[in-house]
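S.K.: Take a look at the following structure, please.
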Amino acid sequence: MIYVENKELVIPGQILAEDECYPGRGTFKDNNRICSSLIGLVSLRNKKIRVIPLKSKYIPKKGDVVIGKISDVRFSMWDVDINSPYSGILSAFEALGRDKKDLNRVFDVGDVLFLRIIDVDEVKKAKLGLKGRGMGKFKGGIIVEISPTKVPRLIGKKGSMINMIKNKTNCKIVVGQNGLVWVKGNEDMEQLTREVIHVIEKEAHTSGLTNKIKNKLCLAIDGELPVDESEEEFIFEKPKLQNFKEEIEQEEREEAARLKKEQEEENDDKNNLYEVIEELKKNKEEENSSQSDDSEDDSNV
Amino acid sequence: MSELIREDGRKFDELRPIKIEAGVLERADGSAYLEVGGNKILVAVYGPRESYIRRLLEPNTGVIRCRYNMAPFSVDDRKRPGPDRRSSEISKITADALRPALMLESYPRSMVDVYIEVIEAEGGTRCAGITAASVALVDAGVPMRDIVVGCAAGKVSDEIVLDLSEVEDKEGQADVPIAIMPRTGEITLLQSDGNLTEEEFQKAIDLAMEGCMKVSELQKEALMKKYSVE
Amino acid sequence: MDVVPEITRESIRNLIINGKREDGRLLDEYRDISIETDVISKAEGSARVKIGGTQVLVGVKPQIGSPFPDTPDLGVLMTNCEMLPMADPTFEPGPPGEDSIELARVVDRGIRESELVDLDKLCIEEGKHVWMLFIDLHIIDNCGNLFDAAELAVMSALKSTKLPTATVVDEEVVLDEENLFELPVNNDVAMCTFVKIGGEMVLDPSLSEERVADARLNVGVTRDGKICAMQKGGAEPLTKDDLFAAVNIAVSKTKELVEYL
């Protein structure tokens, strides 16, 4: 017996089904009954019943890409706030290899980084790494915070939402699975992007959202509505971050070119340092990839 | 049962008017506002989050901490700000009442903070606080087995009645606040203050549980109202 | 633990230098303000004020007490502020800390120095019995600029305060709860708070603006344009020009603010 429909809003303790179903995430079994443990939306697929939470805190997971901010610099590592009940650490070795440096001259408190979780220990502390393209310190832009459960909606099916926003606003956007989003572009476009990201967060469980956001952006940017296109389906599946890869590679090429140019123009200390880090990161990557690495860096979640 | 009419015109099994609203604060992870009779209660939830009070944390699950506080202006004679013995006890039993419903195993070494502010008090604030706190916990996205709900029954003029007002609490012979997990009917809070026979006690529990079930529906409505679309 | 990201600091600063803000306001523009009075029936005066997402609750409770020896014929006002842990993840439970006490004192100064409450009308028997008004500020949601919200809330609560008539019969104070009188409030005061970011003085700072600000300035102004309370806060200095510019805006903005009262 199934008591709920797909996409129905349910609350903790609510009985979703009796027998015939398997309990998935966001549910628990009470004798033969499956109940919701969260406020969220039902996802029914192949007799598996899950509840997708409306809100939740980010729990670090190995392999996730996250945006973190340096909260402390220690002797051989950085403490990183990853917008979670659990903090992350980035070891000097991960960032610099065997090179000895003053850590706060590399990343300082308040710096915001794009990182990958390489491991999560038994107390849920996240061990962070910079292995992967596009990883490292952000320069400029703004940080927007959303509930981590809304990240898949912000990205959209095959990146439909995020790519549409990028195209319309001409902003670079990087989404961390911990609910932090980095946006960089024209000052006004950054703010507009912040605004629509918050609309997406608020209305994530409504249908036809991509078109709504598109209309909003078109009105704000072009002053007119776009030509009508088909409605988009509601998304439950965790999208792959595949679409990030090209984007990030492109960004990195641009960034490298820009840095090089800047460096030629003025031999600024900071830039030097940044280059050094980039260099080190690349070296490290090469090192890693030559060790016949197990996975493609950015391809999967 | 008699046709007793109470000082405020209610029948013996009638609740005071209740209003519950979920998600009323910006900063808190979850929040709720509740009015029942003359009570006004505001609850905020933060967490699961890191805590500096390491000794309170547990290695295999998250923990809950409650703070019940009465505003100085919530009662007739101004209350001195800060905790007293009564509010410390209520804080403790509130945490105890909510804990059985929490499923914090996936958040080891974390803390959920529940802040209950009594803005105005008119009898039955501990039950109202628990009821509001549960809604705020759901609003915060905290995983739970059930939405705990509180309600009191008591004895006034030798009658067992539901949901005592301030006057009834003062003049009555007994007050039995309880909290339950409505799906299973399990009791997570029980206090009893006053004189009851065994039969009266049973009657009081039955009545309070009925009251809880009614309030439970209002909790659900408040959450549905906040989050359902169109 | 709560470190402001460097890029957030930069972006807010850059916006402000260009005369813009994250929420699209002008540099001298308030967020939406709403005031409700008589929100707590057990308090003799009360108000709830919202400025944007910031929410403050005030209750006024009277007690009969003895006057201070140097002012035997004047009532007493006491302002207390609780920055409740519910209002902000960084607020901790416990007795009021420095910030909380500063807030209460700055707000109190605005009320006291503008002499808007006729304290002599709060005297019941000279040298023996006076009304003491406890003004309790409850900060319930902190989205920036608690000062201005608190001042509006205290002001509104005082204006809604009604006290029982008190007479002295056989050395005893007798209260007549049937005959209430309105607290005599003969002026209005409002506070305008600025933060300095990127060399600009920004009115009604949001939380993120507060967090990246170099300095803060509170200016309390009465309805008739008199500056009655000021306070400078924050780590960096202010220039004379900053002050004069802020005061100039505060004097004109107060005219708008007191309309809410």
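The values are calculated or read from the model by the stated rules, or taken from the named source; none is laboratory data. Note that the coordinates shown come from a computational prediction; the quantities given were computed from them, not determined experimentally. With ideal geometry, Cβ positions are generated from the backbone for all residues, glycine too; neighbour counts draw on all protein chains shown.
S.K.: All but one of (1) aliphatic (A, V, I, L, M); (2) modelled with pLDDT under 95; (3) in contact with a Phe, Trp or Tyr (Cβ under 7 Å, 6 or more places away or on another chain) hold for residue C:203, so report the exception by its number.
M.R.: (2)
S.K.: For residue B:106, indicate whether it is surrounded by fewer than 19 Cβ atoms within 10 Å (Cβ to Cβ) and more than 14 Å from chain C (Cβ to nearest Cβ). Show your work before the answer.
M.R.: Values: surrounded by fewer than 19 Cβ atoms within 10 Å (Cβ to Cβ): yes; more than 14 Å from chain C (Cβ to nearest Cβ): yes.
Yes; evaluated as a whole, the condition is true for this residue.
S.K.: What are the pairs with Cβ atoms under 7 angstrom where one residue, in the stretch B:11-24, is in a strand (DSSP E or B) and the other, located anywhere, is hydroxyl-bearing (Ser, Thr, Tyr)? Sequence gap at least six, or different chains.
M.R.: From the stretch B:11-24, the pairs are B:21/B:33.
S.K.: Moving on. Test residue B:146 against the criterion of being in contact with a Gly (Cβ under 7 Å, 6 or more places away or on another chain) and either within 21 Å of residue B:220 (Cα to Cα) or not β-branched (Val, Ile, Thr) (or both), and give yes or no. If you could, list the steps in order and put the result at the bottom.
M.R.: Numbers: in contact with a Gly (Cβ under 7 Å, 6 or more places away or on another chain): yes; either within 21 Å of residue B:220 (Cα to Cα) or not β-branched (Val, Ile, Thr) (or both): yes.
Taking the combined requirement at face value, the residue satisfies it.
S.K.: Just name the residue that is surrounded by the fewest Cβ atoms within 10 Å (Cβ to Cβ) out of those in the stretch C:64-123 that are hydroxyl-bearing (Ser, Thr, Tyr) and within 26 Å of residue B:87 (Cα to Cα).
M.R.: First, the residues of the stretch C:64-123 that are hydroxyl-bearing (Ser, Thr, Tyr): C:66, C:71, C:79, C:90, C:100, C:114.
Add one more test, that the residue is within 26 Å of residue B:87 (Cα to Cα), and what stays is C:79, C:90, C:100.
Details: C:79: 23, C:90: 11, C:100: 20.
Top of the filtered list is C:90.
S.K.: Which one of these is within 14 Å of chain C (Cβ to nearest Cβ) and in contact with a helix residue (DSSP H, G or I) (Cβ under 8 Å, 6 or more places away or on another chain): A:145, A:190? Can you show your working first?
M.R.: Details: A:145 fails: in contact with a helix residue (DSSP H, G or I) (Cβ under 8 Å, 6 or more places away or on another chain).
None of the other options fit; the residue is A:190.
S.K.: Quick one: which of C:196, C:226 is charged (D, E, K, R) and more than 21 Å from residue C:20 (Cα to Cα)?
M.R.: Values: C:196 fails: more than 21 Å from residue C:20 (Cα to Cα).
The unique qualifying residue is C:226.
S.K.: Quick one: which residue in C:243, C:158, C:163, C:137 is in a helix (DSSP H, G or I), on the phi < 0 side of the Ramachandran plot and in contact (Cβ under 8 Å) with a residue 60 or more places away in the chain?
M.R.: Details: C:243 fails: in contact (Cβ under 8 Å) with a residue 60 or more places away in the chain; C:163 fails: in a helix (DSSP H, G or I); C:137 fails: in a helix (DSSP H, G or I).
The match here is C:158.
S.K.: Search the stretch B:179-190 for residues being crowded, with 16+ Cβ neighbours inside 10 Å and in contact (Cβ under 8 Å) with a residue 40 or more places away in the chain, and hand back the single one that is nearest to the other protein chains (Cβ to nearest Cβ).
M.R.: Step one: list which residues in the stretch B:179-190 are crowded, with 16+ Cβ neighbours inside 10 Å, which gives B:179-183, B:187-189.
Checking which are in contact (Cβ under 8 Å) with a residue 40 or more places away in the chain leaves us with B:179, B:181, B:188-189.
Details: B:179: 14, B:181: 7, B:188: 13, B:189: 17 Å.
For the stretch B:179-190, the residue satisfying everything is B:181.
S.K.: Please list, ordered by first then second residue, the pairs with beta carbon atoms under 6 Å, 6 or more apart or interchain, first in the stretch C:108-129 and among the acidic types (Asp, Glu), second part of a loop (DSSP other than H, G, I, E, B).
M.R.: Close Cβ pairs (under 6 Å, with a partner that is part of a loop (DSSP other than H, G, I, E, B)) amount to C:118/C:184; C:120/C:73; C:120/C:74; C:126/C:72; C:126/C:73.
S.K.: Give the stretch C:31-47 a look and list any residue that's among the charged types (D, E, K, R) and within 9 Å of chain B (Cβ to nearest Cβ), or say none. Break it down into steps so the answer makes sense when it comes.
M.R.: Taking the stretch C:31-47 as the starting set, the residues that turn out to be among the charged types (D, E, K, R) are C:31-32, C:36, C:38, C:42, C:44.
Hits for the stretch C:31-47 are C:42, C:44.
S.K.: Can you name every residue in the stretch A:105-141 that is part of a strand (DSSP E or B), within 11 Å of another protein chain (Cβ to nearest Cβ) and over 14 Å from the mean Cα position of the chain (by Cα)?
M.R.: Initially, the stretch A:105-141 is screened for residues part of a strand (DSSP E or B), giving A:112-120, A:126-129, A:136-137.
Now drop any that are not within 11 Å of another protein chain (Cβ to nearest Cβ), which leaves A:112-113, A:137.
If the condition is that a residue be part of a strand (DSSP E or B), within 11 Å of another protein chain (Cβ to nearest Cβ) and over 14 Å from the mean Cα position of the chain (by Cα), then A:137 is the only one that fits.
S.K.: Another question about this same structure. Could you tell me whether the stretch B:87-105 includes any residue that is closer than 13 Å to residue B:137 by Cβ and part of a loop (DSSP other than H, G, I, E, B)?
M.R.: Residues of the stretch B:87-105 that are closer than 13 Å to residue B:137 by Cβ, as a first pass: B:94-95, B:97-104.
Those still in the list that are part of a loop (DSSP other than H, G, I, E, B) too: B:103-104.
Looking for residues that are closer than 13 Å to residue B:137 by Cβ and part of a loop (DSSP other than H, G, I, E, B), one finds at least one in the stretch B:87-105, hence yes.
S.K.: Here's something else I'd like to know. Could you check how many residues of the stretch A:152-171 are buried (at least 18 other Cβ atoms within 10 Å of the Cβ), assigned to a helix (DSSP H, G or I) and small (Gly, Ala, Ser)?
M.R.: Total meeting the criteria: 1.
S.K.: What residue, among those in the stretch C:25-69 that are among the small types (Gly, Ala, Ser) and outside any loop (DSSP other than H, G, I, E, B), is farthest from residue C:146 (Cα to Cα)? Don't jump to the end; show me each part of the working.
M.R.: Filtering the stretch C:25-69 down to residues among the small types (Gly, Ala, Ser) leaves C:34, C:41, C:43, C:45-47, C:52-53, C:59, C:65-66.
Applying the additional criterion that residues be outside any loop (DSSP other than H, G, I, E, B) yields C:34, C:45-47, C:59, C:65.
On the way: C:34: 14, C:45: 20, C:46: 17, C:47: 15, C:59: 16, C:65: 30 Å.
Selected residue: C:65.
S.K.: Inspect all residues belonging to the stretch B:209-222 and state whether any of them is in contact with a strand residue (DSSP E or B) (Cβ under 9 Å, 6 or more places away or on another chain), surrounded by fewer than 17 Cβ atoms within 10 Å (Cβ to Cβ) and free of Cβ contacts under 8 Å to residues at least 24 places away in the same chain.
M.R.: Among the residues of the stretch B:209-222, not one is in contact with a strand residue (DSSP E or B) (Cβ under 9 Å, 6 or more places away or on another chain), surrounded by fewer than 17 Cβ atoms within 10 Å (Cβ to Cβ) and free of Cβ contacts under 8 Å to residues at least 24 places away in the same chain, which makes the answer no.
S.K.: Answer yes or no as to whether residue A:111 is surrounded by fewer than 21 Cβ atoms within 10 Å (Cβ to Cβ) and either closer than 24 Å to residue A:204 by Cα or not hydroxyl-bearing (Ser, Thr, Tyr) (or both). Show your work before the answer.
M.R.: On the way: surrounded by fewer than 21 Cβ atoms within 10 Å (Cβ to Cβ): no; either closer than 24 Å to residue A:204 by Cα or not hydroxyl-bearing (Ser, Thr, Tyr) (or both): yes.
The answer is no for residue A:111.
S.K.: Among the residues of the stretch B:38-55, write down those that are away from chain C (no Cβ under 11 Å) and more than 11 Å from residue B:113 (Cβ to Cβ).
M.R.: Hits for the stretch B:38-55 are B:41, B:54, B:55.
S.K.: If you don't mind, another one. Given the options B:49, B:67, name the one that is touching a residue at least 40 places away in the same chain (Cβ under 8 Å), closer than 16 Å to residue B:133 by Cβ and among the basic types (Lys, Arg). Break it down stepwise before answering.
M.R.: Details: B:49 fails: closer than 16 Å to residue B:133 by Cβ.
Of B:49, B:67, the one residue that is touching a residue at least 40 places away in the same chain (Cβ under 8 Å), closer than 16 Å to residue B:133 by Cβ and among the basic types (Lys, Arg) is B:67.
S.K.: Ok, one more. Can you find, within the stretch A:53-69, the residue that is modelled with the lowest pLDDT among those that are touching a Leu at 6+ places or on another chain (Cβ under 7 Å) and within 11 Å of another protein chain (Cβ to nearest Cβ)?
M.R.: Taking the stretch A:53-69 and keeping what is touching a Leu at 6+ places or on another chain (Cβ under 7 Å), we get A:53, A:65-68.
Next, only the ones that are within 11 Å of another protein chain (Cβ to nearest Cβ) stay: A:53, A:67-68.
Values: A:53: 94, A:67: 97, A:68: 97.
Looking at the filtered set, the residue picked out is A:53.
S.K.: State whether the residues of the stretch B:56-75 include one that is of a type in the set (Val, Ile, Thr), within 22 Å of residue B:217 (Cβ to Cβ), touching a strand residue (DSSP E or B) at 6+ places or on another chain (Cβ under 9 Å) and at the interface with chain C (Cβ under 8 Å from one of its Cβ atoms). It would help to see each step written out before you state the result.
M.R.: First, the residues of the stretch B:56-75 that are of a type in the set (Val, Ile, Thr): B:61, B:63-64, B:75.
Add one more test, that the residue is within 22 Å of residue B:217 (Cβ to Cβ), and what stays is none.
No, the stretch B:56-75 contains no residue that is of a type in the set (Val, Ile, Thr), within 22 Å of residue B:217 (Cβ to Cβ), touching a strand residue (DSSP E or B) at 6+ places or on another chain (Cβ under 9 Å) and at the interface with chain C (Cβ under 8 Å from one of its Cβ atoms).
S.K.: Kindly establish whether residue C:168 is modelled with pLDDT under 95 and in a strand (DSSP E or B). Step through it out loud before you land on a result.
M.R.: Working: modelled with pLDDT under 95: yes; in a strand (DSSP E or B): yes.
Yes: the conditions hold for residue C:168.
S.K.: Moving on to the next point. Could you list all residues from the stretch B:124-147 that are within 8 Å of the chain's Cα centre (by Cα) and either among the aliphatic types (A, V, I, L, M) or not in a helix (DSSP H, G or I) (or both)?
M.R.: Listed by number, the residues that qualify are B:128, B:130, B:132, B:133.
S.K.: Still on this structure, please answer the following. Might you let me know whether the stretch C:49-56 holds any residue that is farther than 24 Å from residue C:194 by Cβ, buried (at least 23 other Cβ atoms within 10 Å of the Cβ) and either out of contact with any helix residue (DSSP H, G or I) (no Cβ under 6 Å at 6 or more places or on another chain) or within 14 Å of chain B (Cβ to nearest Cβ) (or both)? Walk me through it before giving the result.
M.R.: Quick first cut of the stretch C:49-56, residues farther than 24 Å from residue C:194 by Cβ only: none.
Checked the stretch C:49-56: no residue is farther than 24 Å from residue C:194 by Cβ, buried (at least 23 other Cβ atoms within 10 Å of the Cβ) and either out of contact with any helix residue (DSSP H, G or I) (no Cβ under 6 Å at 6 or more places or on another chain) or within 14 Å of chain B (Cβ to nearest Cβ) (or both).
S.K.: Which condition does residue C:132 not pass, out of (1) more than 11 Å from chain B (Cβ to nearest Cβ); (2) surrounded by fewer than 20 Cβ atoms within 10 Å (Cβ to Cβ); (3) not in a helix (DSSP H, G or I), if it passes all the others?
M.R.: Unmet for residue C:132, out of (1) more than 11 Å from chain B (Cβ to nearest Cβ); (2) surrounded by fewer than 20 Cβ atoms within 10 Å (Cβ to Cβ); (3) not in a helix (DSSP H, G or I): (1).
S.K.: Let me ask something else about it. Which one of B:121, B:101, B:132 is under 30 Å from residue C:100 (Cβ atoms) and in contact with a Lys or Arg (Cβ under 9 Å, 6 or more places away or on another chain)?
M.R.: Numbers: B:101 fails: under 30 Å from residue C:100 (Cβ atoms); B:132 fails: in contact with a Lys or Arg (Cβ under 9 Å, 6 or more places away or on another chain).
Being under 30 Å from residue C:100 (Cβ atoms) and in contact with a Lys or Arg (Cβ under 9 Å, 6 or more places away or on another chain) holds for just one of B:121, B:101, B:132, which is B:121.
S.K.: Let me ask something additional. Restrict the check to the stretch C:70-92 and report whether at least one residue is free of Cβ contacts under 8 Å to residues at least 40 places away in the same chain, within 11 Å of chain B (Cβ to nearest Cβ), in a loop (DSSP other than H, G, I, E, B) and under 18 Å from residue B:80 (Cα atoms).
M.R.: No, the conditions are met nowhere in the stretch C:70-92.
S.K.: Return yes when residue B:83 is within 14 Å of chain C (Cβ to nearest Cβ), free of Cβ contacts under 8 Å to residues at least 40 places away in the same chain and more than 19 Å from the chain's Cα centre (by Cα) and no when it is not.
M.R.: Working: within 14 Å of chain C (Cβ to nearest Cβ): yes; free of Cβ contacts under 8 Å to residues at least 40 places away in the same chain: yes; more than 19 Å from the chain's Cα centre (by Cα): no.
When the stated conditions are applied, residue B:83 does not pass them.
S.K.: Scan the stretch B:221-229 and give yes if some residue there is within 19 Å of residue B:93 (Cβ to Cβ) and either at pLDDT 95 or above or β-branched (Val, Ile, Thr) (or both), otherwise no.
M.R.: The answer is no; no qualifying residue exists.
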